[in-house]
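Colleague: Sharing a structure with you now.
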């Protein structure tokens, strides 16, 4: 049996011509040459491991940096007012008032979730929660944004059951409510499901912590779970390359999580913060110790010494390189003053969290790592963590997009009779992307509540922050890959507009954005064009709405073989509400209230759920986005919430007015009588368009009759288009949706059609 001998700096100098497997670690020829140039010698195998993982697409954003800068450049003074921490840290932080702040972020765990759906999705939740902890916050909720392949594909049940099982297992064990998200099915995600996870936490202003290693002589402490061999090459290889046409085989790169270890870690970290025992902190996720040491050192005084032998291992056979690259979960790295080390140890011991002191902060400007008493890493940490490659990838206008945009849904046959309208309405209600998702959401721990004020199936999730004042926040996410395939610039703006509107209908004021940008291979010039356009659309949109992007994630290489997914930029919007008692639910609960439609309806069926479901068609251009109108609508809804004029509010998006009505009557079993005549007359559309168009800036609200005049006065004062389109009707066994003069359908049938779809495929 041979013993592995670590490659030392001394050895690297003595053997300049040694052949190194940099290609297998995901590095290109020119990147390897650049590393040699930076060091003035060949890298040691430990240094090579660090550079390969930190210069990967997943960690360095090397293909996206030049575009992501827009989020920091297209900024107004108003956008900075509430922003406490922006991009570049583990998560963004927003001031929500009364000395409270909220931190939130969305990230991807796409590739691992295809290979090992349960573990991949579970550790996606664990990783994003640790990002929240590392800001000094208590995590209070999670959300997830899921995209699966075709609902009837034989592999979809494997992925869906595994992913949902992983999310629910990890989140439920942590005791965090899952308050929202999305689930879509589309064949473009068949070999590349998207598992995006969002977490949100709350903290007092004074508890804010950042990831930096400052103060010469301060100790570097690793605490949490022991380091194992799972996740090696996750960021560098798995998340930075596409699957080949034979499918995925990269199993060791999938991390394995333990939620109970994380639960203890959360409480341990929060006590360390309360006692003021931590100077800087970093979670260990992608790239593990390589990331934590190089980023902490880069953001601090610039020097660090680490003794790798002090890392507690659950697999004693790991080499130094494997220890550096391991992405084992439930680990944190802290910077601690020497005089506070005993107190720090007392807290971690109380929580039974294993801990080891790895080294200390230095003033050398170098990250030096020893193993077995010898120097195996000696680098400028900035060259590893910050000053990596920046690529301007070739960009090419897609050869196919003009033909796709010319293929409008206008030529598709629309229903004209009441019977046809009813038939298509019910087909939409039962379609996989609009059908009831409770098969998934009931697996999440909704009993915990944890100060939850709104959750599934409301348009936004809402959490109470302060129990005395009622201060809270709302959050919603959205992404429409179909619209982004047609026009990525406007598709990204549409995702932003919908998430913004979903927050507004809850009664909250939109305040900040996080995003996870899911695209195909950056080595494909057409994919880079899509990415460039989507980022510009999102940055321009945020500037127009004056809400800042606080951070997020880019996920490239979402493709199998040569076929990329539809561009899917997930946009999360956070809003603030002064008192959650004023929240607005998404569906009506009483009969006898007037139903109003806010906004104009245009013939906008391109890319719609109707076109996809009824005609299996994707083509044309997405609906027009008027962000100024969205701002006015949000302002109106906030005014209505403050004056308690609105009993429910539901935005119109996928499936149009028809789907919003279906969801509104079925939630509480209270029917409605609806007339479309005035929409048809005022907006110059037919009945099918009135029901199925996906024009933006539209919401249906229910208003008590006694508040009619005041509500209409509110709309008139803001010059916002409003039409009375119906009344809420009786509930109970006879409850129905009556679209007058066209069709009626019982609430029971709507529910049945919606509820049966997912169980039919997934049991």
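Here, each number is a calculation from the coordinates, and none is a lab measurement. Everything quoted here is computed from the prediction, not taken from an experiment. Here Cβ is always computed from backbone atoms with ideal geometry, including for glycine, and neighbour counts include all displayed protein chains.
Colleague: For the range 622-742, how big is the tail of P(r) above 23 Å, as a whole percent of Cα pairs?
Modeller: So the portion of pairs separated by more than 23 Å is 32 percent.
Colleague: When the helices in the chain are scored as -39500 (n - 2.57) per DSSP H run of 4 or longer and the sum is shared across all residues, what 222 nm value do you end up with, to the nearest 500 deg cm²/dmol?
Modeller: Roughly -10500 deg cm²/dmol at 222 nm, from the helical runs in the chain.
Colleague: Relative contact order for the range 60-385 using alpha-carbon pairs under 8 Å, separation at least 6, rounded to a whole percent?
Modeller: 21
Colleague: Same structure again: For a quick protection proxy, order the peptides 12-25, 589-602 by their average other-Cβ count within 10 Å, most packed first.
Modeller: Per-residue mean Cβ counts within 10 Å order the peptides as 589-602, 12-25.
Colleague: Could I ask something else about it? Could you check the spin-label model distance between residue 313 and residue 386? Points 7 Å from the Cα along Cα→Cβ, value in nm.
Modeller: Once both label points are built, they end up 3.3 nm from each other.
Colleague: Simple spin-label model, 7 Å along Cα-to-Cβ: residue 267 to residue 724 in nm?
Modeller: It is 5.7 nm.
Colleague: How far, in degrees from 0 to 90, does helix 627-642 lean away from the longest principal axis of the Cα atoms of the chain, to the nearest 10?
Modeller: So the inclination is approximately 80 degrees.
Colleague: Output the peptides 472-484, 113-125, 95-107, 738-750 sorted from most to least packed, where packing is the average of other Cβ atoms within 10 Å over each peptide's residues.
Modeller: Answer by packing, highest mean first, reads 472-484, 113-125, 95-107, 738-750.
Colleague: Counting pairwise Cα distances across the chain, what percent come out greater than 47 angstrom?
Modeller: Tail of P(r) above 47 Å: 20 percent of Cα pairs.
Colleague: Follow-up. Please report, in whole Å³, the volume per residue of the convex hull around the C-alpha atoms of the range 60-385.
Modeller: Hull volume normalised by residue count: 144 Å³.
Colleague: Still on this structure: Using the basic label-point model (7 angstrom from Cα toward the beta carbon), what is the residue 274 to residue 207 distance in nanometres?
Modeller: So the two model labels end up 0.9 nm from each other.
Colleague: Over the range 1-156, what relative contact order in percent results from Cα pairs under 8 Å that are six or more residues apart?
Modeller: Reported as a whole number, the value is 12 percent.
Colleague: If you average the C-alpha positions of the range 393-452 and of the range 133-159 separately, how far apart do those two centres end up, in angstrom?
Modeller: The two parts, judged by their Cα centres, are 19 Å apart.
Colleague: Once the piece of chain linking residue 187 and residue 733 is laid out straight, how much longer is it, given 0.36 nm per residue of separation minus the C-alpha distance between them?
Modeller: So the chain would gain 192.7 nm between residue 187 and residue 733.
Colleague: Could you give the angle, 0 to 90 degrees to the nearest 10, between helix 341-350's Cα long axis and the longest principal axis of the Cα atoms of the chain?
Modeller: Around 60 degrees separate the two axes.
Colleague: Test of understanding: extend the Cα→C-beta vector of residue 138 to 7 Å, then name every residue of the range 272-305 with backbone N under 19 Å from that spot.
Modeller: Output list for this probe position: 272-278.
Colleague: Ok, one more. Please work out the Cα center distance from the range 672-720 to the range 507-539, rounded to the nearest Å.
Modeller: Cα centroid of the range 672-720 versus Cα centroid of the range 507-539: 32 Å apart.
Colleague: Cβ neighbours within 10 Å, averaged per peptide: list 457-469, 388-400 in order, most packed at the top.
Modeller: By packing density, highest mean first, the sequence is 457-469, 388-400.
Colleague: Beyond 17 Å, what share of the Cα-Cα pairs of the range 351-413 is found? Please give it as a whole percent.
Modeller: Percentage above 17 Å: 72.
Colleague: Let me ask something additional. Can you pull the semi-axes for the range 440-556, root of five times each eigenvalue of the Cα gyration tensor, sorted largest first, whole Å?
Modeller: 30, 17, 12
Colleague: Rule-of-thumb check for the range 674-734: C-alpha Rg over 2.2 N^0.38 Å?
Modeller: Computed over Cα atoms of the range 674-734, the ratio equals 1.29.
Colleague: Here is a follow-up. So what is the relative contact order of the chain, in percent, for Cα pairs below 8 Å that sit 6 or more residues apart?
Modeller: This gives 15 percent for the chain.
Colleague: Rounded to two decimals, what is Rg over Rh for the range 103-159 when you use alpha-carbon atoms and the Kirkwood radius?
Modeller: My calculation of the ratio gives 1.07.
Colleague: How much FRET efficiency would the formula 1/(1 + (r/R0)^6) give for residue 76 and residue 214, where r is the Cβ-Cβ distance and R0 is 35 Å, rounded to 0.05?
Modeller: For R0 = 35 Å, the calculated efficiency reads 0.65.
Colleague: Hey, for a label at residue 405 modelled as a point 7 Å past Cα toward Cβ, could you say which residues of the range 450-489 have their backbone N under 18 Å away?
Modeller: 481-489
Colleague: Of 128, 565, 725, how do they rank once you tally other Cβ atoms within 10 Å and put the fewest first?
Modeller: In order of increasing Cβ crowding within 10 Å: 725, 565, 128.
Colleague: Something else: Zone of residue 396 (label point 7 Å along Cα→Cβ, backbone N under 16 Å): which residues in the range 556-577?
Modeller: 562-564
Colleague: Could I ask something else about it? Percent antiparallel among DSSP beta bridges with both residues in the chain, to the nearest 5?
Modeller: 85
Colleague: Same structure, new question: Can you pull the Rg over Rh of the range 1-129, Cα-only, Kirkwood?
Modeller: Looking at the range 1-129, the ratio lands at 1.11.
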